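The values are calculated or read from the model by the stated rules, or taken from the named source; none is laboratory data. The structure presented is a predicted model; accordingly, all values stated were derived computationally and were not measured. All Cβ positions, glycine included, derive from the backbone under ideal geometry; neighbour counts span all protein chains shown.
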Ligand SMILES: Cc1ncc(COP(=O)(O)O)c(C=O)c1O
């Protein structure tokens, strides 16, 4: 399937769940701080907008991406909830849970491994063959076993599920729910709600557009729920090399694509998560399909503004730039005056970051 620059979603706005209230849970965890929201007035003026905001997730609970928000909340729910980390660790012990497994392109697996370590659990993290060595080292640095799968993201998800199914003391903790059978994917979306609740409190006035980068769509589902509840238009941005959500919205049903390749490695998904699909179908207005060079350019642009952002982190900003400056996105531009994007990670592959940004 060849996708154009924009895939518009013809499904009417409806049936989008309210965002989850997970802020109190995260705020009670050690090391919590709201991530910064930067207003960029000079850039807004250059783009002819009234305001541009970038929420900067390059440091979350000591990790360089937003993903711990989803992993920590979802693992807590899997364990039946708990007052604090000690309580959760006790519950894991009582339930006989000793090990967590998940697939990852880097950030989710690192977050699961970090939470496992905090709870005194082991972690086995399955990565696709294309995962950057620095991301694997960071996961191993959390004390996890890293297992490479000679295929893409979906195969890594299946490997982690098979592993957990074969071991009564293990539980799968995937952000992608491939077939709608596990509640974990929905809990991950809920956990990301904290990021948007923080943004709501930090914004001095409402935005009218939110641009969200897409991997399996869990992050964007959380953003769409927040956006729809506040009357904000939600627009996706997705790499052409892994545009499974754009393809799915185009088809009207979830579509699996054999992954080609994108430098936006953490967005390199093959299938939408079943947990977020309905939210995206009923709440995301359109997807802008990005070329890899656009996220590199966005990394440089954000670096020049003092914000460290990796390839996938900068993809929302790349979508914003395309939305406002590319003639082929003109049909989506109406009423875009105040725009919010999330820089979802820092330099999680430092070698490539240095190559792209020049420092
Ligand atoms: C930095 C970063 N941004 C965005 C995403 C997209 O999230 P999702 O896969 O839920 O669409 C990911 C996913 O791993 C990520 O690591």
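Consider region 195-222. How many of its residues are farther than 20 Å from residue 49 by Cβ, within 16 Å of the ligand (Cβ to nearest atom) and either assigned to a helix (DSSP H, G or I) or free of Cβ contacts under 8 Å to residues at least 12 places away in the same chain (or both)?
Qualifying residue count, region 195-222: 7.
Surrounded by 12 or more Cβ atoms within 10 Å (Cβ to Cβ), at pLDDT 95 or above and not assigned by TED's automatic domain parsing to the domain that holds residue 197: is that true of residue 60 in this structure?
No: the conditions fail for residue 60.
Every residue in region 142-160 that is surrounded by fewer than 17 Cβ atoms within 10 Å (Cβ to Cβ) and in contact with a helix residue (DSSP H, G or I) (Cβ under 6 Å, 6 or more places away or on another chain), please.
Result: 143, single match.
Just give me the residues in region 245-288 being closer than 19 Å to residue 188 by Cβ and assigned to a loop (DSSP other than H, G, I, E, B), in sequence order.
Scanning region 245-288 gives 254, 268, 269, 270, 271, 272, 273, 284.
Looking at region 333-348, which of its residues are modelled with pLDDT under 95 and either buried (at least 19 other Cβ atoms within 10 Å of the Cβ) or assigned to a helix (DSSP H, G or I) (or both)?
Scanning region 333-348 gives a single hit, 336.
Regarding residue 246, is this residue within 14 Å of the ligand (Cβ to nearest atom) and either under 14 Å from residue 16 (Cα atoms) or not assigned by TED's automatic domain parsing to the domain that holds residue 286 (or both)?
Against the criterion (within 14 Å of the ligand (Cβ to nearest atom) and either under 14 Å from residue 16 (Cα atoms) or not assigned by TED's automatic domain parsing to the domain that holds residue 286 (or both)), residue 246 does not qualify.
With 110, 135, 171, 117 as the choices, which residue is more than 22 Å from residue 343 (Cα to Cα) and part of a helix (DSSP H, G or I)?
117
Go through 310, 316, 283 for me and flag whichever is within 16 Å of the ligand (Cβ to nearest atom), closer than 18 Å to residue 135 by Cα and either crowded, with 19+ Cβ neighbours inside 10 Å or not assigned by TED's automatic domain parsing to the domain that holds residue 58 (or both).
None of the other options fit; the residue is 310.
If you take the residues of region 85-103 that are closer than 19 Å to residue 190 by Cβ and in contact (Cβ under 8 Å) with a residue 40 or more places away in the chain, which of them is nearest to the ligand (Cβ to nearest atom)?
102
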